[in-house]
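Enquirer: This structure is in structure tokens; I'll ask about it shortly.
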Amino acid sequence: MHRDNTRVVQIGNQKIGGGNPVLIQSMTNTRTENVQATVAQILELERAGCEIIRCTVPDAAAAEAVREIKKQIHIPLVADIHFDYKMAIAAIENGADKIRINPGNIGSADRVKAVVDAARERNIPIRVGVNSGSLEKQLVEKYGGVTAEGIVESALDKVRMIEAFDYRNLVISIKSSDVLMCVKAHELLADRTDYPLHAGITEAGTVQSGNIKSAIGLGLILNQGIGDTIRVSLTGNPVEEVKSAKLILRTLGLRKGGIEVVSCPTCGRTRIDLIGLAAKVERLVEDYPLDIKVAVMGCAVNGPGEAKEADLGIAGGIGEGLLIKKGEIIRKVPEEQLLDALKYELENWTGDNI
């Protein structure tokens with residue numbers, strides 16, 4: 001697979017590429033210069049499972065804040081830079097573990113070299129980021145519009161610009177809100193470089209539509225062995241990005257750990273509030289670092305069988321449900337006690353059969 005053969009890049013206390021696990025990223029939406037708010041959000045994202053965090057650094061106040069933020073968090077911090085090369089240098093000097101730039105929008109070659117020299121001095125990786133929305137006019141004209149081929153050419157042009165200064169501590173990011181264009185671009189790029197790739201569907205949308213687009217796009221990319229780190233971009237609380245990324249990776253078999261909840265879609269046979277119960281179970285299991293499957297099923301047709309295939313399961317009846325562990329019925333529980341009964345089993349889980 002491509003990700004097994006990419007270069008290894010060290011980002012703070014994490015490594016990507018070379019077959020290392022695909023890491024989950026997110027981005028703060030606080031004002032970076034508000035250190036207290038930014039740290040609070042990063043710590044919340046850490047608890048959710050975020051492994052690399054990115055903050056925008058548009059001005060000197062934000063660059064200075066990087067130093068204080070770094071003291072209070074535990075995951076690598078990436079400084080996101082647009083236009084002002086001095087902010088990239090300042091962020092590096094203040095302890096950023098990686099910077100994200102588009103060399104095409106920070107000015108002359110001398111300015112790019114100044115950023116590269118600062119990164120080289122501290123061995124800080126540079127993520128070269130190109131989005132379909134910022135594709136150069138000449139490439140749009142060359143390919144008759146915004147295309148996957150144009151995005152890839154643009155990204156490789158920027159990479160060569162940095163390689164000309166003899167620096168190869170790089171990560172490449174190519175993104176588009178067009179899912180299939182983004183997938184094709186990653187396929188093309190993976191054949192042309194061994195730099196690790198940061199994958200994502202940019203400007204994917206709200207939690208609902210963005211999750212669907214990201215799941216399809218990232219699923220197609222990752223399942224081909226492409227992508228060393230990912231971000232699910234959602235218009236909403238960034239914690240939702242991390243939850244979605246974890247689920248995508250687990251679904252593809254790229255991440256273990258965490259409880260998988262399966263539940264039936266409900267039908268006219270359901271006689272308990274399965275929709276409400278399933279939502280509560282999904283929230284409940286976030287607090288347990290177990291690698292198990294929990295089934296929440298609504299009726300006697302498929303419920304018992306599906307629940308028996310899980311490590312723990314609920315099979316609903318009329319105002320009650322069966323609690324099932326490792327394929328065996330433990331007891332019958334009134335509907336209003338099902339969540340507490342499941343919680344008890346999680347808190348006392350040993351994995352032993354009964």
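Please treat every number below as a calculation from the coordinates, not as lab data. Since this is a predicted model, take the numbers as computed values, not measurements. Neighbour counts are summed over all protein chains in view; Cβ atoms, including those assigned to glycine, are modelled from backbone coordinates with ideal geometry.
Enquirer: May I ask you to evaluate 6.51 cos²θ - 1.76 cosθ + 1.60, the Karplus curve with θ = phi - 60°, for each residue of the stretch 84-96 and list the ³J(HN,Hα) values in order in whole Hz, giving x for glycine and proline?
Expert: Per residue, the Karplus-derived 3J(HN,Hα) values read 9, 5, 5, 5, 5, 5, 5, 5, 4, 5, 8, x, 4 Hz.
Enquirer: Applying 1/(1 + (r/R0)^6) with R0 = 51 Å to the Cβ-Cβ distance of residue 328 and residue 108, what FRET efficiency is obtained, to the nearest 0.05?
Expert: Between residue 328 and residue 108 the formula returns 0.10.
Enquirer: Any idea what the dipole of the chain comes to, in debye rounded to 20, about its Cα centre with Lys/Arg Cβ at +1 and Asp/Glu Cβ at -1?
Expert: Dipole size: approximately 320 debye.
Enquirer: Once you list every other residue whose beta carbon is under 12 Å from the beta carbon of residue 317, what net charge do they have if Lys and Arg are +1 and Asp and Glu are -1?
Expert: Value of the local net charge: +1.
Enquirer: So if I place +1 on the C-beta of Lys and Arg and -1 on the C-beta of Asp and Glu, and nothing else carries charge, what would the dipole magnitude of the stretch 234-293 be about its Cα centre? I want it in debye, nearest 20.
Expert: 220
Enquirer: Evaluate the Kirkwood expression for the hydrodynamic radius of the stretch 147-203, namely the inverse of the mean inverse distance over all pairs of different C-alpha atoms, and round to one decimal in Å.
Expert: Evaluated on the stretch 147-203, it is 11.5 Å.
Enquirer: For the chain, set up a GNM with springs between Cα atoms under 10 Å and report which of 285, 57, 112 has the largest fluctuation.
Expert: Of 285, 57, 112, the Gaussian network model singles out 285 as fluctuating most.
Enquirer: For a protection proxy built on the mean count of beta-carbon atoms within 10 angstrom, sort 23-34, 228-239 highest first, please.
Expert: Descending mean neighbour count gives 228-239, 23-34.
Enquirer: How large is Rg/Rh for the stretch 116-228, to two decimals, with Cα atoms and a Kirkwood Rh?
Expert: With Rh from the inverse mean 1/r over Cα pairs, Rg/Rh is 0.99.
Enquirer: Could you compute the net charge surrounding residue 184? Neighbours are other residues with a C-beta less than 12 Å from the C-beta of residue 184; K and R count +1, D and E count -1.
Expert: Net charge around residue 184: -4.
Enquirer: Now for a separate question. Mean shadow of the stretch 217-354, computed from the convex hull of its alpha carbons, in nm²?
Expert: 9.5
Enquirer: With the crude spin-label approximation of a point 7 Å out along Cα→Cβ, what separation in nm comes out for residue 61 versus residue 336?
Expert: So the label points at residue 61 and residue 336 sit 5.3 nm apart.
Enquirer: Below 10 angstrom from the Cβ of residue 171, what's the summed charge of the other residues (Lys, Arg +1; Asp, Glu -1)?
Expert: Once positives and negatives cancel, what remains is +3.
Enquirer: Based only on Cα atoms, what Rg/Rh ratio does the chain have, Rh being taken as Kirkwood's radius?
Expert: 1.05
Enquirer: In addition: Please list 259-267, 170-178, 46-54 highest first by mean number of surrounding beta-carbon atoms within 10 Å per residue.
Expert: Peptide ranking by packing, descending: 170-178, 46-54, 259-267.
Enquirer: What is the gain in length, in nm to one decimal, between residue 216 and residue 237 on full extension, counting 0.36 nm per residue of separation less the C-alpha to C-alpha distance?
Expert: Full extension of this stretch gives 5.5 nm more.
Enquirer: Shifting gears a bit: Cross-link partners among aspartates and glutamates for residue 86, C-alpha distance below 16 Å, same-chain residues fewer than 8 apart left out?
Expert: Candidates past the 8-residue exclusion: 59, 64, 110, 117, 121.
Enquirer: How much of the pair distance distribution for the stretch 1-64 lies past 17 Å, counting alpha-carbon pairs only, in percent?
Expert: More than 17 Å apart: 51 percent of the Cα pairs in the stretch 1-64.
Enquirer: Let me ask something else about it. Where does each of 81-87, 249-255, 127-133, 273-279 land if you order them by average Cβ count within 10 Å, highest first?
Expert: 127-133, 81-87, 273-279, 249-255
Enquirer: Still on this structure, please answer the following. For residue 227, enumerate residues with amide H under 5 Å from its amide H, sequence gap 5+ or separate chain, H modeled in the peptide plane.
Expert: The list, which skips near neighbours in sequence, is 3, 197.
Enquirer: Could you work out the helix-only [θ] at 222 nm for the chain, with each DSSP H run of four or more residues adding -39,500 (n - 2.57) and the total divided by the number of residues, to the nearest 500 deg cm²/dmol?
Expert: Value at 222 nm, helices only: -12500 deg cm²/dmol.
Enquirer: Could you give the length gained by full extension between residue 43 and residue 10, i.e. 0.36 nm per residue of separation minus their alpha carbon distance, to one decimal place?
Expert: Full extension of this stretch gives 9.7 nm more.
Enquirer: Another question, if that's okay. Which of 295, 341, 185 moves most in a GNM of the chain, Cα contacts under 10 Å?
Expert: Most flexible of the set in this elastic network: 341.
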